[in-house]
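S.K.: Got a structure for you, written out below as structure tokens; questions coming shortly.
Readers should treat all values here as calculations from the given coordinates under stated rules, not as data from a laboratory. Fair warning: this is a prediction, and the values are worked out from it, not measured in the lab. Using ideal geometry, Cβ is built from the backbone for each residue, glycine included, and neighbour counts are taken over all protein chains shown.
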Amino acid sequence: MARRTFSLHTVPGLIACGLVAGAVLAVAVIGWRLVLLARGAIEVMPDEPEASSAAGEPQPDLRERSLLIPVKGVAPASLTDNFNDARAGGLRVHHALDIMATRGTPVLAVEDGRIVRLHHGGAGGITVYQLDGSGRYGYYYAHLERYADGLAEGQKVTRGDVLGYVGTTGNAPPNAPHLHFAIYEVADPKRPWRGRPIDPFPLWR
Ligand SMILES: [Zn+2]
């Protein structure tokens, strides 16, 4: 009986060779990507800001800035502190301030700075990442209905500029429009979505 061999001259042989070549190529591509990831050459940007260290209270330098409440027409007395609330069934801590408002209410820049990221996806929905002028603090605005017309990454903004409008994108309940607003002390300027979470609520007491 003739020994069975895979030959490129037979159809099954061709198919087998194609499958093997495809598998080798896939492993090589995935492997190389993993190597790049491990080296930090490819940046995986998260949907939400990443905490680089334990959360904290605002320091005097942040208090001195007199940040604007980022939703038009909202009075300090109507704010409720929900920074330490459990989220995702207790899997994580909120680390932000939810500001309830009517859908479509303008969302305002809390201070001068620059838009560093516009991201649509994940729990935050339509989001804006802003850095202050010095790059020390990052501000994250989430669940927007939409962006302000023409808003772009890299754009400079002034305190009070409209960034977008209150909505329920992402995981916000459809019947409870609000702005999810977070402050974080940036750990690495190259990763302006990552830092130490700061409770915004004490700034407006
Ligand atoms: Zn929230």
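S.K.: Of the listed peptides 51-60, 20-29, what is their order by residue-averaged count of other C-beta atoms within 10 Å, with the highest listed first?
M.R.: 51-60, 20-29
S.K.: Taking only the alpha carbons of the chain, what extent do you get along each of the three principal axes, in Å, biggest first?
M.R.: Rounded to whole Å, the extents work out to 91, 38, 36 Å.
S.K.: If one computes P(r) from the Cα atoms of the stretch 48-163, what percent of pairs lie at distances over 16 Å?
M.R.: I get 64 percent for the Cα pairs in the stretch 48-163 exceeding 16 Å.
S.K.: Please give, to one decimal in nm, the separation of the simple spin-label points placed at ASN82 and ARG191, each 7 Å out from Cα toward the Cβ.
M.R.: Each label point is offset 7 Å from its Cα along the Cβ direction, giving 2.8 nm.
S.K.: In whole Hz, with x marking every Gly and Pro, tabulate ³J(HN,Hα) for the stretch 72-87 from phi via Karplus 6.51 cos²θ - 1.76 cosθ + 1.60, θ = phi - 60°.
M.R.: 4, x, 8, 8, x, 5, 8, 7, 10, 6, 10, 4, 9, 5, 6, 10
S.K.: Give me the percent of Cα-Cα pairs in the stretch 114-205 that sit more than 21 Å apart, rounded to a whole number.
M.R.: Tail of the P(r) past 21 Å holds 30 percent of the pairs.
S.K.: Are there GluC sites (Glu not before Pro) in the stretch 121-205 that DSSP puts in a loop and that have at most 15 other Cβ atoms within 10 Å, and which ones?
M.R.: Sites meeting the loop and neighbour criteria: GLU153.
S.K.: How large is the translational diffusion coefficient of the stretch 19-107 in µm² per second when you combine the Kirkwood radius over alpha carbon pairs with Stokes-Einstein at 4 °C and 1.567 mPa s?
M.R.: 72 µm²/s
S.K.: What angle, in degrees between 0 and 90 and rounded to the nearest 10, separates the Cα long axis of helix 11-39 from the longest principal axis of the Cα atoms of the chain?
M.R.: Helix 11-39 and the main axis of the chain meet at about 30 degrees.
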